[in-house]
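Peer 1: Just dropping this structure here.
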Amino acid sequence: NDQHSALLDEDAFLLIAHRGASAIAPEHTLASYQLAMDMDADFIEIDLQMTQDGVLVALHDDTVDRTTDRSGKVAEMDLVDIKRMDAGSWFNAEKPDRAKDEYVGIQVPTLEEIFTAFGDSANYYIETKQPDESEEMEENLLELLDQFKLLEESQPDGKVMIQSFSADSLKTIRQLDNNIPLIQLMDDFEQVIPSSETFELYREYAVGIGVSHRKADEAYIAAAREAGLLVHPFVVDKLAEGEKLKSWGATGIFTNDLEAVSSLK
Ligand code: G3P
Ligand code: CA
């Protein structure tokens, strides 16, 4: 698709709603994504886990412990079990100043429910989590994208971006689909700036990198941009920090707090 899209523009500065508008609503719920849309986020960010019965759901952790009223591993539960959980009350307890009655009993959404709710009105920035342990996660994801016509030529480039810490997962996607823009997420433990050769290897399959804001200093961002990569630091909730990253050449940020950083657009 060669339709011009501002989403992949090197001069753009994208606000990626990290787990939705997760500063003001329980992360990875339809309510959180809806608020992100209302606040004009460029993308809603979705972390994917896969249930035991092979359904993609939006959850950051590989257990439900932190963000629901139950506990256990997602990969050992069927969708029906996950659908019984309350994915909102934890937020009300943790952030009483942001609590809302409507969050009580809110469900963990499946990816299908998210696409049903927002269709092509949203742009999606989707992360494969635990791809090694989730059989055919990538195939499953691409099938859903296809079913909801999110990969059609008529959609702007970058309507859907796929991110992962796993290069293997991204390369699997690249083998299945030659067009979806991919983002390589950088592990946090290494402090050194990757060599230009390393960045160029990423460039072979990815349009950009996602990198912790703790690592993304001026030299780091310059080196990645030099290799032709977009740079999206995570997670940036302070305006001053966003301004600094933008001045250094970052092309967007992941943020929980769209309100705090809205002036960066
Ligand atoms: O996807 C970018 C950023 O979200 C990576 O960290 O742990 O929040 O998924 P995490
Ligand atoms: Ca993520």
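Please treat every number below as a calculation from the coordinates, not as lab data. Note that the coordinates shown come from a computational prediction; the quantities given were computed from them, not determined experimentally. Virtual Cβ from ideal backbone geometry, glycine too; neighbours counted across all protein chains shown.
Peer 1: Could you list, in their original order, any pairs among Lys238/Lys265; Lys83/Lys171; Lys83/Lys129; Lys129/Lys159; Lys129/Lys171 whose Cα atoms are separated by more than 22 Å? Display every interim value, and only then the final one.
Peer 2: On the way: Lys238/Lys265 14 Å; Lys83/Lys171 31 Å; Lys83/Lys129 20 Å; Lys129/Lys159 20 Å; Lys129/Lys171 14 Å.
In this structure, Lys83/Lys171 exceed 22 Å between Cα atoms.
Peer 1: Using the Cα centre as the reference, give the magnitude of the dipole from point charges on the C-beta atoms of the range 6-264 (Lys, Arg: +1; Asp, Glu: -1; all else neutral), rounded to the nearest 20 debye. Write out the running numbers ahead of the final one.
Peer 2: Details: 21 positive and 53 negative charges, 122 e Å.
Using only the charged Cβ atoms, the result is roughly 580 debye.
Peer 1: Which three extents, in whole angstrom, do the alpha-carbon atoms of the range 1-113 cover along their principal axes, largest first?
Peer 2: 44, 36, 18
Peer 1: Among Lys244, Lys149, Lys129, which comes first, then next, by fewest other beta-carbon atoms within 10 Å? Intermediate results must be reported in sequence, preceding the final value.
Peer 2: Working: Lys244 17, Lys149 12, Lys129 21.
Going from least to most buried by this count: Lys149, Lys244, Lys129.
Peer 1: So how do Thr128, Thr172 line up by other beta-carbon neighbours within 10 Å, fewest first?
Peer 2: Numbers: Thr128 27, Thr172 19.
Fewest-to-most ranking of Thr128, Thr172: Thr172, Thr128.
Peer 1: Considering only DSSP beta bridges with both partners in the range 6-264, what is the antiparallel share in %, to the nearest 5? If you can, show how the numbers build up before the last one.
Peer 2: Numbers: 5 of 31 bridges.
Given both bridge residues lie in the range 6-264, the antiparallel proportion sits at roughly 15 percent.
Peer 1: How do Leu79, Leu145 line up, fewest other C-beta atoms within 10 Å first?
Peer 2: Working: Leu79 18, Leu145 22.
Placing the least packed residue first, the sequence is Leu79, Leu145.
Peer 1: Let me ask something additional. Let me know the whole percent of all Cα-Cα pairs from the range 159-199 that are separated by more than 11 Å. Present the calculation step by step, with values, prior to reporting the outcome.
Peer 2: Values: 566 of 820 pairs.
Summing the P(r) tail past 11 Å for the range 159-199 gives 69 percent.
Peer 1: Report the normalised scattering of the range 130-265 as log10 I(q)/I(0) at q = 0.15, 0.17, 0.18, 0.22 Å⁻¹, calculated by the Debye formula with identical scatterers on the alpha carbons.
Peer 2: Per q value, in the given order, log10 I(q)/I(0) is -0.79, -0.98, -1.06, -1.30.
Peer 1: For the chain, build the convex hull from the C-alpha positions and give me its volume per residue in Å³. Don't skip to the end; give the middle numbers.
Peer 2: Working: hull volume 32.4 nm³, N = 265.
Value for the chain: 122 Å³ per residue.
Peer 1: Shifting gears a bit: Going by amide H atoms built from the backbone, whose H comes under 5 Å of the H on Asp86, apart from near neighbours?
Peer 2: When sequence neighbours closer than 5 places are left aside, the close amide H contacts are Asp69, Arg70.
Peer 1: Using a 10 angstrom cutoff on alpha carbons, build the Gaussian network for the chain and name the most mobile of Ser22, Ser212, Ser121.
Peer 2: In this elastic network of the chain, the residue with the biggest mean-square fluctuation among Ser22, Ser212, Ser121 is Ser121.
Peer 1: Next question, about the same structure. Could you tell me the center-to-center distance, by alpha carbons, between the range 196-252 and the range 1-45 in angstrom?
Peer 2: 18 Å
Peer 1: How large is log10 of I(q)/I(0) for the range 111-208 at q = 0.10, 0.12, 0.17 Å⁻¹ when the intensity is taken from the Debye formula with one equal scatterer per alpha-carbon?
Peer 2: -0.29, -0.41, -0.78
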